[in-house]
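J.: I have a structure here, written as structure tokens, and I will follow up with some questions on it.
The values are calculated or read from the model by the stated rules, or taken from the named source; none is laboratory data. Note that the coordinates shown come from a computational prediction; the quantities given were computed from them, not determined experimentally. So basically every Cβ, Gly included, is an ideal-geometry build from the backbone, and we count neighbours across all protein chains shown.
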Amino acid sequence: MLVQQEEQITRLRRVFHACEEQQRGHVALVTGAVGSGKTSLLESFGEWTAGSRGQVMSATGSRAERGLHLGVVGQLFHSARLAPEAAAHVEKLLRDATSAVPLPEVGGEASDGDRAWAPLLHGLFTTLIDLTANGPLVLLVDDVHHADPASLHCLLYVTRRLRHARIMVVFAEASTLRPPHPLFRAELLSQPHFSRISLPPLTVDAVARLVEGAVDDADTRRTAEHYVRMTGGNPLLTRALLDERAGGEGSDHDLPSVGDAFDQAVLGCLYRHEPGVRRVAQALAVLDRPASTELLGHLLDVMPATTVPAVRVLRTSGLMESDQLRHSRILHSILADMSADERRGLHQRAAEVLHDRGAEASVVAEHLVAAGATVAGWRVPVLQDAAGHALSSGRPDVAAACLRLLASAPVDERQRTATTEMLVNARWQLNPLTVNGQLTELVQTARAAGWSTDASLSAVPYLLWQGRVDEAAEAVGGFSADEEQAPATPPGRLRIMQLLVSLSHPDHLASVRQTPATWSRAAGAPTTVSPLLQAVTVLGTALTPTADNDTVPTAEQILQRHHTDDGALGLLTAPLLALLWAGRSDRAAVWGDVLLDRPVVQHAPGWRAVIRAIRAEAALRVGDLPGAEHHARAALEDMPAPAWGVAIAGPLSTLIASATESGRFAEADRWLAHPTPPGMFRTPLGLHYLAARGRHHLAVRRPHAATTDLRRCGELMRTWGIDAAGLVPWRLELARVQLSVGNKTQAMQLLQEQLRVPHGVDDRTRGRTLRLLATTAAQDHRRKLLSEAVSLLQSSGDRLELVRALGDTGQTLQRAGDSARARLLVRRAYQLAQDCGASVLAQRLIRREPGSGLPAYPAAAELQEPDDGLSDAERRVAALAAHGHTNRQISSKLFITVSTVEQHLTRVYRKLDVKRRTDLPSRLVVYAETLADETQSATS
């Protein structure tokens, strides 16, 4: 590690040459932090000296050998190549010195005892002078701050007599809490021929040379900057990172297991310092936040001023920056080196000190949890406050840890019930399977009180999740409106729980159903009154749509207003699901991604799984089959299937449908074989499952089974009074089954009935319905229906159904003899199907046989785009731009950002060698047709 030491080595070499040429001795002191490269510097200089007609004697001080009389001097002479007579003489001098009277303090005033040492001092110096006959002599003493007093006395004797001797003495010392031999150091610094050489931390350029040797490379420089941030430029720590990098022990940002090179380097730095330095480092690691010397003093139960030198040493060594440890890996290394008792003791002390100093409850609770302290007295309210704050901040893991300590605390019944309520809430967000015990306790408490306590309402959401709807209804029914007015009860909480019962299990919907205007007013109420009430109510408007309900705008307002609130994930799942059931899967997909990108979702796997399940269904409905499968599988990874309760219908139905659409029927059968709770079909999500199973039955040619599932779906929706197409368009699905068995009359009746459902048909459902109606219509009317279907499906974002509509349009044009336009539409449909991951549907488009009455389309190779250098995405953007659409309009149509549109157009201009938008039509010719324009022109 000689990088960035060229200047220091050059200075030492100049001193050596002066010693050789001018017959004059010199003393040099090399200073630097532990691990700064002092030893490497001395070794390199020693090797150079030996090759430059010089003689080298070396020794190293050690904390363990401070009491070894003349230990360093003995090392020096044992390292020299002395003649036998000289070696025997030195050995005799050293033996005689062991019986001499003790020395005075190193560098102190002379005394009678000092004169007893005169023969030894004179004899050793004479021996050194004799060694200079063949060239300059260099004495190298590393870690001189650990040298024994007798050796230091001898070395001072030598340095005072270097004026006319060809002897160069080089000492190296590290930063310490305080100089162990201040008088020795003071006299050393006062010598006339003295040099002080400091080793600074490594710079970014120096580390870059160590990383790759190419300082100007951007990636190398970023790596070097990261290393300097981690190590403060300490060469020992930097070398450890380089060794890990060479050994492939994980990325720079990982926390590898104890025993890795970096961990050992950190501990090496600490153990080479005094115990006081290590103790302060441990206190900083336990605190894990900026700490003043005063706080460190109180934590370690010492005078605050005594921690100042330790902080200075830690900063010098690169382990500390400002008032805290420099990097999390340093903290990890220090904590891993501490015993469990040491950590618990420091955490206990930290909690007490921080509480006395008025720290926030969450900070104090963190240390109480780490200490596993007995909870009593002031600790009880601190942990309760911290748990409540953690829940509102989206940290159920932190809340659960606080509440576990409170479980054994001596509290009254009211406090214990409140603790149980919060614990159920926190644990459900982590893993719903873990709440059974506490939920049972909560239900028993509520039932014993006649369901008249706040605990009864707290249990409702979790009972519903497990399918225990009768108990949930009993809890809501036992809580009177008068009790809701109590100061401790949040406003509207009873109404919220009533709605949750009825919306999750719509056979209870009649008990809360009021006039449509009531739903509308509740959904549009100010969120300051009760954001959760508004969120649940807007979900009700999606299930029971009316002309007065603005479900989509209200749902998006709630999401916009609260999506940055850390503790609002549970609140936001209701408007997210409302967007899906209101027929705006595209917006549900956008908002799902926004919520999944929030850092807080990493701490709440329960809510993350729910959001991913909704996002998966949204992806399915916009034709993104790979995305649907990815998010649904991720939802089941976040939360195991047994933990889903009746909500397991959500991810399972998406996986069944996506596997069916992709032609993987065996995989769909495996998902259908997955066990489900019996109460699942009493929920709206159970309807999703029935519809997905029905589509699968139809795909594998079991129309009777499909009919049974879809009729049951319709009966449930009519019975519940939630005939919303955004939930399940059961008539449309049943019409598909009727068409498959040749019953066009029945199919037409179902489709027409679907279009007449009041306020319950969204654009996607209307477009799908019109496409199927077109198959039953006469030739002249079919093209008009398909044109409208294409327009609706494109605006709704369902690309998979758009593929089918385009394919049907191409078939209609082929039968009318317009093969050119038919090919154009099939080519677009084929590209879109490939983008959706629907390769089976894509192949089906090009394998229609003339004998079947369907058009014979060209092979896939003939459907590829012309070789103009444009990608599929670039060509679609260019096509829309050629027809005069603005960047924002293109963004909306293709469901990409405006920035992405601009990037695509920049590449299009370059590849086609055009300067402006108006030049695009002439360059793109027929391939610039957009989906909508192609269809409109084809069906006009």
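J.: With the checklist (1) surrounded by fewer than 17 Cβ atoms within 10 Å (Cβ to Cβ); (2) of a type outside the set (Ser, Thr, Tyr); (3) in contact (Cβ under 8 Å) with a residue 12 or more places away in the chain in hand, flag the one item GLU715 doesn't pass.
T.: (3)
J.: Just checking, which of LEU287, LEU236, LEU242 is touching a helix residue (DSSP H, G or I) at 6+ places or on another chain (Cβ under 8 Å), of a type in the set (A, V, I, L, M, F, W, C) and modelled with pLDDT under 90? Walk me through how you get there before you give the answer.
T.: Details: LEU287 fails: modelled with pLDDT under 90; LEU236 fails: modelled with pLDDT under 90.
After ruling out the rest, the residue left standing is LEU242.
J.: Going by what's in this entry, would LEU423 be described as at pLDDT 90 or above, in a helix (DSSP H, G or I), among the aliphatic types (A, V, I, L, M) and surrounded by fewer than 16 Cβ atoms within 10 Å (Cβ to Cβ)? Lay out the reasoning, then the answer.
T.: On the way: at pLDDT 90 or above: yes; in a helix (DSSP H, G or I): yes; among the aliphatic types (A, V, I, L, M): yes; surrounded by fewer than 16 Cβ atoms within 10 Å (Cβ to Cβ): no.
Answer is no for this residue.
J.: List the residue pairs whose Cβ atoms are under 7 Å apart, where the first residue sits in segment 212-227 and is loosely packed, with under 14 Cβ neighbours inside 10 Å and of a type in the set (A, V, I, L, M, F, W, C), the second is part of a helix (DSSP H, G or I) and modelled with pLDDT under 90, and the two are 6 or more positions apart or on different chains.
T.: So the pair list comes out as ALA214/THR220.
J.: Within segment 100-116, identify whether any single residue is modelled with pLDDT of 85 or more, at positive phi and not in a helix (DSSP H, G or I), and answer yes or no.
T.: Checking segment 100-116: not a single residue is modelled with pLDDT of 85 or more, at positive phi and not in a helix (DSSP H, G or I).
J.: If HIS697 satisfies all but one of (1) without any contact (Cβ under 8 Å) to a residue 24 or more places away in the chain; (2) buried (at least 23 other Cβ atoms within 10 Å of the Cβ), what's the number of the condition it fails?
T.: In the conditions (1) without any contact (Cβ under 8 Å) to a residue 24 or more places away in the chain; (2) buried (at least 23 other Cβ atoms within 10 Å of the Cβ), HIS697 misses (2) alone.
J.: Something else now. Filter segment 891-940 down to the residues that are in a loop (DSSP other than H, G, I, E, B), touching a Leu at 6+ places or on another chain (Cβ under 7 Å) and at pLDDT below 60, then identify the one that is nearest to VAL790 (Cα to Cα).
T.: THR930
J.: Same structure, new question: Does any residue of segment 317-336 turn out to be under 16 Å from CYS269 (Cβ atoms), surrounded by fewer than 20 Cβ atoms within 10 Å (Cβ to Cβ) and either of a type in the set (A, V, I, L, M, F, W, C) or touching a strand residue (DSSP E or B) at 6+ places or on another chain (Cβ under 8 Å) (or both)?
T.: For segment 317-336, residues under 16 Å from CYS269 (Cβ atoms), surrounded by fewer than 20 Cβ atoms within 10 Å (Cβ to Cβ) and either of a type in the set (A, V, I, L, M, F, W, C) or touching a strand residue (DSSP E or B) at 6+ places or on another chain (Cβ under 8 Å) (or both): present.
J.: Let me ask something else. Looking at SER740, SER787, which one is without any contact (Cβ under 8 Å) to a residue 60 or more places away in the chain, of a type outside the set (Lys, Arg) and more than 18 Å from LEU620 (Cα to Cα)?
T.: Values: SER787 fails: without any contact (Cβ under 8 Å) to a residue 60 or more places away in the chain.
When all the criteria are applied, what remains is SER740.
J.: Residues in segment 313-331: is at least one part of a loop (DSSP other than H, G, I, E, B) and either basic (Lys, Arg) or over 32 Å from the mean Cα position of the chain (by Cα) (or both)?
T.: Yes, that holds for at least one residue.
J.: For segment 1-28, which positions are touching a residue at least 40 places away in the same chain (Cβ under 8 Å) and either surrounded by 20 or more Cβ atoms within 10 Å (Cβ to Cβ) or of a type in the set (S, T, N, Q) (or both)? Show your work before the answer.
T.: Here is the first cut: in segment 1-28, the residues touching a residue at least 40 places away in the same chain (Cβ under 8 Å) are 1-5, 8, 11-12, 15-16, 19-20, 23-28.
Correct list: GLN4, GLN5, GLN8, LEU12, VAL15, PHE16, CYS19, GLN23, GLY25, HIS26, VAL27, ALA28.
J.: Here's something else I'd like to know. Mind checking whether some residue in segment 768-776 is farther than 22 Å from GLY663 by Cβ, free of Cβ contacts under 8 Å to residues at least 60 places away in the same chain, out of contact with any helix residue (DSSP H, G or I) (no Cβ under 6 Å at 6 or more places or on another chain) and assigned to a helix (DSSP H, G or I)?
T.: So far as segment 768-776 goes, no, none of its residues is farther than 22 Å from GLY663 by Cβ, free of Cβ contacts under 8 Å to residues at least 60 places away in the same chain, out of contact with any helix residue (DSSP H, G or I) (no Cβ under 6 Å at 6 or more places or on another chain) and assigned to a helix (DSSP H, G or I).
J.: Turning to a different aspect of this structure: Identify, from the list LEU806, LEU824, LEU813, LEU802, the residue that is assigned to a helix (DSSP H, G or I), of a type in the set (A, V, I, L, M) and either at pLDDT below 85 or at positive phi (or both). Show your work before the answer.
T.: Details: LEU806 fails: either at pLDDT below 85 or at positive phi (or both); LEU813 fails: either at pLDDT below 85 or at positive phi (or both); LEU802 fails: either at pLDDT below 85 or at positive phi (or both).
The match here is LEU824.
J.: Taking segment 1-45, which residues are in a loop (DSSP other than H, G, I, E, B) and within 21 Å of THR238 (Cα to Cα)?
T.: Listed by number, the residues that qualify are MET1, LEU2, VAL3, GLN4, GLN5, ALA33, VAL34, GLY35, SER36, GLY37.
J.: Does segment 365-420 hold any residues that are assigned to a helix (DSSP H, G or I), of a type in the set (Gly, Ala, Ser) and within 26 Å of ARG608 (Cβ to Cβ), and which are they?
T.: Selection gives ALA365, ALA370, ALA386, ALA387, GLY388, ALA390, SER392, ALA399, ALA400, ALA401.
J.: Any chance you could count how many residues in segment 299-310 are out of contact with any helix residue (DSSP H, G or I) (no Cβ under 6 Å at 6 or more places or on another chain) and touching a residue at least 12 places away in the same chain (Cβ under 8 Å)?
T.: 4
J.: While we're looking at this one, here's another question. Working carefully through the options ARG584, ARG615, find the one that is among the basic types (Lys, Arg) and in contact (Cβ under 8 Å) with a residue 60 or more places away in the chain.
T.: Every option except ARG584 fails the conditions.
J.: Do we have LEU152 as assigned by TED's automatic domain parsing to the domain that holds LEU12, crowded, with 21+ Cβ neighbours inside 10 Å and in a helix (DSSP H, G or I) here? It would help to see each step written out before you state the result.
T.: Values: assigned by TED's automatic domain parsing to the domain that holds LEU12: yes; crowded, with 21+ Cβ neighbours inside 10 Å: yes; in a helix (DSSP H, G or I): yes.
Taking the combined requirement at face value, the residue satisfies it.
J.: Also, I was wondering about something else. Considering only segment 286-318, state which residues are touching a His at 6+ places or on another chain (Cβ under 9 Å), closer than 19 Å to ASN234 by Cα and of a type in the set (A, V, I, L, M, F, W, C).
T.: Selection gives ALA310, VAL313, LEU314.
J.: Taking helices (runs of 4 or more DSSP H) that fall entirely within segment 617-682, which contain at least 3 residues that are among the polar types (S, T, N, Q) and buried (at least 24 other Cβ atoms within 10 Å of the Cβ)?
T.: In segment 617-682, the matching helices (runs of 4 or more DSSP H) lie at 649-661.
J.: Kindly establish whether LEU813 is surrounded by 20 or more Cβ atoms within 10 Å (Cβ to Cβ) and touching a Cys at 6+ places or on another chain (Cβ under 7 Å).
T.: Judged against the criteria, LEU813 is not a match.
J.: Can you tell me how many residues within segment 337-364 are of a type in the set (Ser, Thr, Tyr) and either outside any helix (DSSP H, G or I) or surrounded by fewer than 17 Cβ atoms within 10 Å (Cβ to Cβ) (or both)? Outline the logic, then answer.
T.: First, the residues of segment 337-364 that are of a type in the set (Ser, Thr, Tyr): 339, 362.
When the remaining residues are screened for being either outside any helix (DSSP H, G or I) or surrounded by fewer than 17 Cβ atoms within 10 Å (Cβ to Cβ) (or both), the result is 339.
Of the residues in segment 337-364, 1 are of a type in the set (Ser, Thr, Tyr) and either outside any helix (DSSP H, G or I) or surrounded by fewer than 17 Cβ atoms within 10 Å (Cβ to Cβ) (or both).
J.: Okay, moving on. Can you name the number of the only condition in (1) exposed (fewer than 14 other Cβ atoms within 10 Å of the Cβ); (2) touching a residue at least 40 places away in the same chain (Cβ under 8 Å); (3) assigned to a helix (DSSP H, G or I) that LEU183 fails?
T.: That leaves (1) as the condition not met.
J.: Quick check on VAL737: is it buried (at least 21 other Cβ atoms within 10 Å of the Cβ), under 46 Å from the mean Cα position of the chain (by Cα) and assigned to a loop (DSSP other than H, G, I, E, B)?
T.: In short, no.
Listed here are the residues, each with its yes/no results for (1) among the aliphatic types (A, V, I, L, M); (2) under 18 Å from HIS273 (Cβ atoms); (3) in the same structural domain as GLN282 (by TED's automatic domain parsing).
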{"position": "LEU300", "(1), (2), (3)": "yes, yes, yes"}
{"position": "MET303", "(1), (2), (3)": "yes, no, yes"}
{"position": "LEU314", "(1), (2), (3)": "yes, yes, yes"}
{"position": "GLU321", "(1), (2), (3)": "no, yes, yes"}
{"position": "HIS332", "(1), (2), (3)": "no, no, yes"}
{"position": "GLU352", "(1), (2), (3)": "no, no, no"}
{"position": "HIS355", "(1), (2), (3)": "no, no, no"}
{"position": "ALA359", "(1), (2), (3)": "yes, no, no"}
{"position": "SER362", "(1), (2), (3)": "no, no, no"}
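J.: Determine whether segment 452-470 contains at least one residue that is in contact with a Pro (Cβ under 8 Å, 6 or more places away or on another chain), among the aliphatic types (A, V, I, L, M), part of a helix (DSSP H, G or I) and modelled with pLDDT of 90 or more.
T.: Within segment 452-470, not a single residue is in contact with a Pro (Cβ under 8 Å, 6 or more places away or on another chain), among the aliphatic types (A, V, I, L, M), part of a helix (DSSP H, G or I) and modelled with pLDDT of 90 or more.
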